[in-house]
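The values are calculated or read from the model by the stated rules, or taken from the named source; none is laboratory data. This is a predicted model, so every value here is computed, not measured. In this analysis, Cβ positions are derived from the backbone assuming ideal geometry, glycine residues included, and neighbour counts consider all displayed protein chains. For the accessible areas, the whole protein counts, side chains as well, though only heavy atoms, and no ligand, DNA or RNA atoms are used. Shrake-Rupley method; radii C 1.70, N 1.55, O 1.52, S 1.80 Å.
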Amino acid sequence: MLYELPELPFAFDALEPHIDRTTMEIHYTKHHATYVANLNTAIEGHDLGNPTIDELVASIHSLPDKLRTAVCNQGGGHANHSLFWTILSGSGGGEPGGEVATAIEEEFGPFQRFRETLTRAALTQFGSGWAWLSVDPDKRLVVENTPNQDSPLMHGHTPILGIDVWEHAYYLKYQNRRAEYVAAVMNVIDWEAVNRRYVRAIQRKTRFVHTRE
């Protein structure tokens with residue numbers, strides 16, 4: 001069982017001026033690629049079946065003790081980035097439509113209020129981590145943040161939008177100005193992709209396997 005670096009769905013410069021080409025190239029070819037390579041090294045020789053990366057990360061608490069840290073860090077990094085690339089687009093931004101727009105309004109109120117809530121989650125994540133829009137087991141939307149490469153999958157949620165707030169995601173262009181970077185990401189969110197993820201999440205009859213000892 002080997003995991004592979006997924007193809008980036010846009011050119012390195014497609015998100016400019018919001019996210020620059022150099023940052024994107026390093027982020028994808030160095031950081032994400034390293035997570036994949038390190039994960040494959042860590043699980044080599046272990047019979048884990050053939051789970052998708054999301055299924056593997058969601059089962060973190062039922063994995064052997066000696067694999068948990070590697071799957072959390074390296075597998076989480078792979079899963080998180082694989083999602084991140086799919087919800088970014090050079091033609092993104094604006095406001096959501098479809099079912100996810102209705103759900104956002106029902107859960108958070110006007111879009112601007114939701115945007116402020118998501119931004120606050122990104123800015124208050126101490127150190128490295130992520131801000132998320134996720135679907136909980138009751139199929140309700142939640143905004144949350146996680147440290148390092150932890151994923152909402154690890155506590156039974158299904159992430160449908162993520163914002164990477166590790167410094168490697170923004171430091172070349174924005175230095176320590178995380179708030180400017182988060183505002184810039186809002187301009188490249190592909191809301192059609194987020195809506196597709198939301199629809200799949202609420203239609204899924206069974207949740208990802210998630211057990212604790």
Practice task
Using a 1.4 angstrom probe on heavy atoms only, work out the carbon and sulfur share of the accessible area of the range 71-124 in %.
Solution key: 43
Completion exercise
Order by accessible surface, 1.4 Å probe, largest leading, for residues H81, H31 comes to H31, H81
Handout entry: Of the trypsin sites (Lys or Arg not before Pro) in the range 128-202, those whose Cβ has at most 13 other Cβ within 10 Å and which sit in DSSP loop
Key = R140, R177
Handout entry: Extent along principal axes [Cα atoms of the range 160-205; Å; largest to smallest]
Key = 43, 18, 13
Practice task
Answer rounded, prolate or oblate for the chain, using the Cα gyration tensor with square roots of eigenvalues a ≥ b ≥ c: rounded when a/c is under 1.5, else prolate when a/b is larger than b/c, else oblate.
Solution key: oblate
Exercise for the section: Counting only heavy atoms of the protein chains, get the accessible area per residue of the range 1-108 (1.4 Å probe) and round it to a whole Å² value. Expected result: 48
Completion exercise
Subtracting the Cα-Cα distance of E180 and D136 from 0.36 nm times their residue separation yields 13.0 nm
Practice task
Return the FRET efficiency for the residue pair L172, L67: r is the Cβ-Cβ distance, R0 is 45 Å, and the value is rounded to the nearest 0.05.
Solution key: 0.85
